[in-house]
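The values are calculated or read from the model by the stated rules, or taken from the named source; none is laboratory data. If you're wondering where the values come from, they're calculated on a predicted model, not measured in any experiment. Every residue, glycine among them, receives a Cβ derived from its backbone with ideal geometry; neighbour counts consider all protein chains shown. Ligands, DNA and RNA are excluded from the accessible area calculation, which covers all protein heavy atoms including side chains. Shrake-Rupley method; radii C 1.70, N 1.55, O 1.52, S 1.80 Å.
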Amino acid sequence: MADQGKVDPMHQFEVQKMFDMFHVGGHEVAFTTSALWMIVAGVLLWVFMIGGMKRQLVPGRWQVAVEGFTGFISSMMNANIGPEGRKYTPYVFSLFMFILMLNILGLAPFGLFGVHPFTVTSHFAITGFLAILSFSIVLIVGFWRHGLHFFSLFVPHGTPWWLLWLIPAIELVSFMVRPFSLALRLFVAMTAGHVLMKVFASFIIDGLAAGPAIGLGVGIPSMALMVGISGLELLVAGIQAYVFALLTSLYLNDAINLH
Amino acid sequence: MPQISQFAENWYAASQIFWVLLTFGFVFFVIGRGMLPKIEATVDARDRKVADDLAAAKAAHAAADALEESYRQQGDASRAAAQKAVADAKDKAAKDAEKRLAKVDAELAEKLAAAEADVSAARTSAMAEIESVAAEAASDLVARLSGVKVGAADARSAVKAVLHG
């Protein structure tokens, strides 16, 4: 914990061990706050989806909301990959909804009820795992469908013959960077947003500690900014989940419809 | 930054990977593979139903249009037939009237001619009678005035000469 009257903006990202469970290959696996929030996200998602399972011809509000999300991802897959993308919709949909739920849960004001909120997607270990998963699926699908011909991905259409020594190298690097950019984008966006909010919050606390005049002078603009940034962070939570799903679908398109 | 520094802790990476595998696995298999296809099937069924209903409505609309067209054509045809029947009847009536008129005309003309012939016959016989009466009267007058007996033929020729100039 930070010292009295001092806010450590990084403390919120610390994963707390709640209890030990078992050992695997010399590593200890524990139940953590991160695990707790992932389970909460999964359960909430499951409850949300149950509302869409009434399967009515004329849907109610909840069913429309669920079908809105499924339709959003299905149409994205259809637009980016085509009819063959339907097979991969469950994966991209799970990815999108899981990340979206974790992002929003991290922003939700649980602190008001004394619960310590935690943004799972602000951890490189988690975003990295999901990025490597997406990247592996792209590789497996690519080599499964096209065999060694998949390597022609590194030679885009219209490459002049005298650039054949350079373009594949650039394409290879950009291909190999994909999992890192995928993982870092989400992790950095989440971390930066939460740090920003903590910093503005600490301005208010430090200002008030310095006296009422400074407290009001600093606190009111900081609070106003916090309100704006909170809205912006909600937007970012949606956009980052969308970008992760969109890029996964685009990478899958490379593997499925090799030019 | 705990996201990096915590990697040094023995339990961090293993716990994170274990739990994300578990929870994301649940999300993928239960929600993505289990629930999503059913929801998509519902949406597809609805889309298909809407499309089918729209097609049926379009077909019904076309059928109604065709029916209206045929009805209109039938109306036109029967109106034309009725007009033709009326015209024919008028025509026939006019021809009949003409024929009857012509017949009556002919009859009248015949009657007129007969009457004229009668009249002229009557006039000639009357003329002849006048001549003979006048001849008798003339011979009587001559006999009474002069005592000369005039022959009937002479009297007649004389009267004829006077009568006809």
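Here are the numbers:
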quantity: Using θ = phi - 60° and Karplus 6.51 cos²θ - 1.76 cosθ + 1.60, couplings along the stretch B:46-62 (whole Hz; Gly, Pro as x); calculated: 5, 4, 5, 4, 4, 5, 4, 4, 4, 4, 4, 4, 5, 4, 5, 4, 4
quantity: Sequence ranges A:206-217, B:48-59, A:41-52, ranked by mean other-Cβ count within 10 angstrom, highest first; calculated: A:41-52, A:206-217, B:48-59
quantity: Whichever lysines have a C-alpha closer than 26 Å to that of B:Lys38, once near sequence neighbours (fewer than 8 apart) are set aside; calculated: A:Lys54, A:Lys87, B:Lys49
quantity: Degrees between helix A:124-146 axis and first principal axis of chain A (Cα, 0 to 90, nearest 10); calculated: 10
quantity: Cβ-based charge dipole, the stretch B:1-147, positive-most Cα from B:Ile130, B:Gln6, B:Ile39; calculated: B:Gln6
quantity: Dipole of chain A, positive direction: furthest Cα of A:Ile39, A:Leu102, A:Thr159, with charges on the beta-carbon; calculated: A:Thr159
quantity: Whether the stretch A:1-70 is rounded, prolate or oblate, judged on the alpha carbon gyration tensor where a/c under 1.5 counts as rounded; calculated: oblate
quantity: Tilt relative to chain A, helix A:167-209 - C-alpha long axis, 0 to 90 degrees, to 10; calculated: 10
quantity: Convex hull volume per residue in cubic angstrom - Cα atoms of the stretch B:1-159; calculated: 189
quantity: Between 0 and 90°, nearest 10: helix B:152-163 axis offset from chain B longest Cα axis; calculated: 50
quantity: Estimated 222 nm signal from helices in chain B, with DSSP H stretches of n ≥ 4 weighted -39500 (n - 2.57), rounded to 500; calculated: -31500 deg cm²/dmol
quantity: Point-charge dipole on Cβ atoms (K/R +1, D/E -1) for the stretch A:1-131, about Cα centre, debye to 20; calculated: 600
quantity: Per-q log10 I(q)/I(0), the stretch B:16-109, q = 0.11, 0.14, 0.20, 0.23 Å⁻¹ (Debye; single scatterer per alpha-carbon; no solvent); calculated: -0.71, -0.82, -1.00, -1.07
quantity: Eligible lysines near B:Lys111 by straight Cα distance, threshold 19 Å, same-chain separation 8 or greater; calculated: B:Lys99, B:Lys103
quantity: Under the Debye formula (equal points on every Cα, no solvent term), log10 I(q)/I(0) of the protein assembly as shown at q = 0.06, 0.11 Å⁻¹; calculated: -0.50, -1.01
quantity: Solvent-accessible surface ranking, highest first, for A:Trp165, A:Trp62, B:Trp11, A:Trp144 at 1.4 angstrom; calculated: A:Trp144, A:Trp165, A:Trp62, B:Trp11
quantity: For the stretch A:36-106 and the stretch B:1-31, distance of Cα centres in Å; calculated: 22
quantity: Listed residues A:Trp37, A:Trp162 arranged by accessible area, highest first, probe 1.4 Å; calculated: A:Trp162, A:Trp37
quantity: The protein assembly as shown - charge dipole about Cα centre, Lys and Arg +1 at Cβ, Asp and Glu -1, debye rounded to 20; calculated: 380
